[in-house]
Amino acid sequence: MADKPTVTQAMIQAYDEYTHLTLDRRGFMNKLTKLAGSGAAAAAIAPLLAANSAKAAIIPEDDPRVATSDVRFLGTTGVMGGYLAIPAFATDRVPGIIVVHENRGLNDHIRDIARRLALEGYAALAVDFLSPLGGTPADEDTAREMVSELKPDETVANAVAARAWLAGHPRSTDRVAAIGFCWGGGLVNELAVADPDLRAGIVYYGRQPDINDVPKIRAAMLLHYAGLDERINSGLQAYSSALRTHDKVFAVHVYPRVNHAFNNDTSAARYSKPAADLAWTRTLAFLKGTMF
């Protein structure tokens, strides 16, 4: 059996530059080739850095404990799409939670997270925030390009509409939280600023809001950040200080020696099971303390 290629921090940083900043696909592969020593090595390493949708399902789509459906609701830009997962055998209404995807759009990994939350007793709505542009495409590079075309104010307004729709759903209570990852984590921060009826916000390595807007936040906030994620963490100290200064209910956890996207179990190089498991345990405890 061939040895597994070695993935270095410089390679992970190059991938982050490609997926979040200005490096294009060709530039990324050129840089990766130099770092790996050959084109063949780069070709073997690239899939380890990217997400693998084939590994997305921890909770199978047909798990009888979860009832799922594709849904539509009216947002500020028109009809929005989403994926709703609810506990199949719940006899009472349950708290709701909006699940906000990464910059890859609504994919199988995010649908799986919605099912995981449904098993914990929540009505989980994974929103396709690319709906105004026709919905999430199969190609991740195209999805990232589309995310960059979204208008921030309209996207936040669509998130507020999603929260309101879920609060009025017959299977959900009016207590609605939001959880987001990467781009979605940043959107949860912005949603907390914009929506006084959001009960709780859970942010995984998301961009921080303008600290001047922190006084507007009413939701309890749980913030998960990766210790090696210098780009995103640059505003974390100021954000935490502002939350503390304005007496907001919040907790922040920085997980040492792990990378951006450490929770994404479909990405072999960046996923950290110990950090992901600890963050998930903290997330569930936080939700239980704020939603019931």
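The values are calculated or read from the model by the stated rules, or taken from the named source; none is laboratory data. All values derive from a computational prediction rather than experimental measurement. All Cβ positions, glycine included, derive from the backbone under ideal geometry; neighbour counts span all protein chains shown.
Against the definition (surrounded by fewer than 16 Cβ atoms within 10 Å (Cβ to Cβ), in contact with a Lys or Arg (Cβ under 6 Å, 6 or more places away or on another chain) and among the small types (G, A, S)), how does A123 come out, yes or no? Step through it out loud before you land on a result.
Details: surrounded by fewer than 16 Cβ atoms within 10 Å (Cβ to Cβ): no; in contact with a Lys or Arg (Cβ under 6 Å, 6 or more places away or on another chain): yes; among the small types (G, A, S): yes.
Considered against the rule, which asks whether it is surrounded by fewer than 16 Cβ atoms within 10 Å (Cβ to Cβ), in contact with a Lys or Arg (Cβ under 6 Å, 6 or more places away or on another chain) and among the small types (G, A, S), A123 comes out as no.
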Problem set entry | Selection from the range 230-240 of residues that are out of contact with any helix residue (DSSP H, G or I) (no Cβ under 8 Å at 6 or more places or on another chain) and among the charged types (D, E, K, R) | E230
Problem set entry | Answer residue from the range 234-268, given it is closer than 19 Å to F286 by Cα and aliphatic (A, V, I, L, M) and is surrounded by the most Cβ atoms within 10 Å (Cβ to Cβ) among those | L243
For this session: State yes or no: is A275 surrounded by fewer than 24 Cβ atoms within 10 Å (Cβ to Cβ), farther than 24 Å from A46 by Cα and touching a residue at least 24 places away in the same chain (Cβ under 8 Å)?
Result: no
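Listed here are the residues, each with its yes/no results for (1) closer than 29 Å to A90 by Cβ; (2) at pLDDT below 75; (3) among the aromatic types (F, W, Y); (4) exposed (fewer than 14 other Cβ atoms within 10 Å of the Cβ).
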residue: L35; (1), (2), (3), (4): no, no, no, no
residue: A42; (1), (2), (3), (4): no, yes, no, no
residue: A46; (1), (2), (3), (4): no, no, no, no
residue: A51; (1), (2), (3), (4): no, yes, no, no
residue: K55; (1), (2), (3), (4): yes, yes, no, no
residue: I59; (1), (2), (3), (4): yes, no, no, no
residue: D62; (1), (2), (3), (4): yes, no, no, yes
Problem set entry | Criterion (more than 13 Å from the chain's Cα centre (by Cα) and assigned to a strand (DSSP E or B)) met by exactly one of L125, L74 | L74
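In this structure, is T68 touching a Phe, Trp or Tyr at 6+ places or on another chain (Cβ under 9 Å), β-branched (V, I, T) and modelled with pLDDT under 80? Step through it out loud before you land on a result.
Working: touching a Phe, Trp or Tyr at 6+ places or on another chain (Cβ under 9 Å): yes; β-branched (V, I, T): yes; modelled with pLDDT under 80: no.
Against the criterion (touching a Phe, Trp or Tyr at 6+ places or on another chain (Cβ under 9 Å), β-branched (V, I, T) and modelled with pLDDT under 80), T68 does not qualify.
Determine which member of the set D139, D153 is over 25 Å from Q208 (Cβ atoms) and surrounded by fewer than 18 Cβ atoms within 10 Å (Cβ to Cβ). If you could, list the steps in order and put the result at the bottom.
On the way: D153 fails: over 25 Å from Q208 (Cβ atoms).
That would be D139, the only listed residue that is over 25 Å from Q208 (Cβ atoms) and surrounded by fewer than 18 Cβ atoms within 10 Å (Cβ to Cβ).
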Exercise. Do the conditions hold for R207, that is, is it out of contact with any helix residue (DSSP H, G or I) (no Cβ under 6 Å at 6 or more places or on another chain) and not small (G, A, S)?
Worked result: no
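Working carefully through the options G180, G186, find the one that is touching a helix residue (DSSP H, G or I) at 6+ places or on another chain (Cβ under 6 Å), within 30 Å of Y18 (Cβ to Cβ) and either crowded, with 17+ Cβ neighbours inside 10 Å or not basic (K, R) (or both).
Numbers: G186 fails: touching a helix residue (DSSP H, G or I) at 6+ places or on another chain (Cβ under 6 Å).
Going through G180, G186 in turn, just one is touching a helix residue (DSSP H, G or I) at 6+ places or on another chain (Cβ under 6 Å), within 30 Å of Y18 (Cβ to Cβ) and either crowded, with 17+ Cβ neighbours inside 10 Å or not basic (K, R) (or both): G180.
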For this session: Could you grab me the full set of residues in the range 108-141 that are modelled with pLDDT of 95 or more, over 18 Å from T283 (Cβ atoms) and not acidic (D, E)?
Result: V127, F129, L130, S131, P132, L133, G134, G135, T136, P137
Exercise. Which number in (1) without any contact (Cβ under 8 Å) to a residue 60 or more places away in the chain; (2) of a type outside the set (S, T, Y); (3) under 19 Å from S240 (Cβ atoms) marks the one condition that D195 misses?
Worked result: (3)
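Are any residues in the range 89-102 surrounded by fewer than 20 Cβ atoms within 10 Å (Cβ to Cβ) and not hydroxyl-bearing (S, T, Y), and if so, which ones?
F89, A90, D92, R93
Being of a type in the set (V, I, T), crowded, with 20+ Cβ neighbours inside 10 Å and under 25 Å from G82 (Cα atoms): is that true of T173 here? Spell out the reasoning first.
Numbers: of a type in the set (V, I, T): yes; crowded, with 20+ Cβ neighbours inside 10 Å: no; under 25 Å from G82 (Cα atoms): yes.
So T173 fails the test.
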For this session: Sort out which residues of the range 158-189 are within 9 Å of the chain's Cα centre (by Cα) and without any contact (Cβ under 8 Å) to a residue 40 or more places away in the chain, and write them in order of number.
Result: G186
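Would it be correct to say that S234 is within 29 Å of Q13 (Cβ to Cβ) and in contact with a Phe, Trp or Tyr (Cβ under 7 Å, 6 or more places away or on another chain)? Give the steps one after another, and end with the answer.
On the way: within 29 Å of Q13 (Cβ to Cβ): yes; in contact with a Phe, Trp or Tyr (Cβ under 7 Å, 6 or more places away or on another chain): no.
No, not satisfied.
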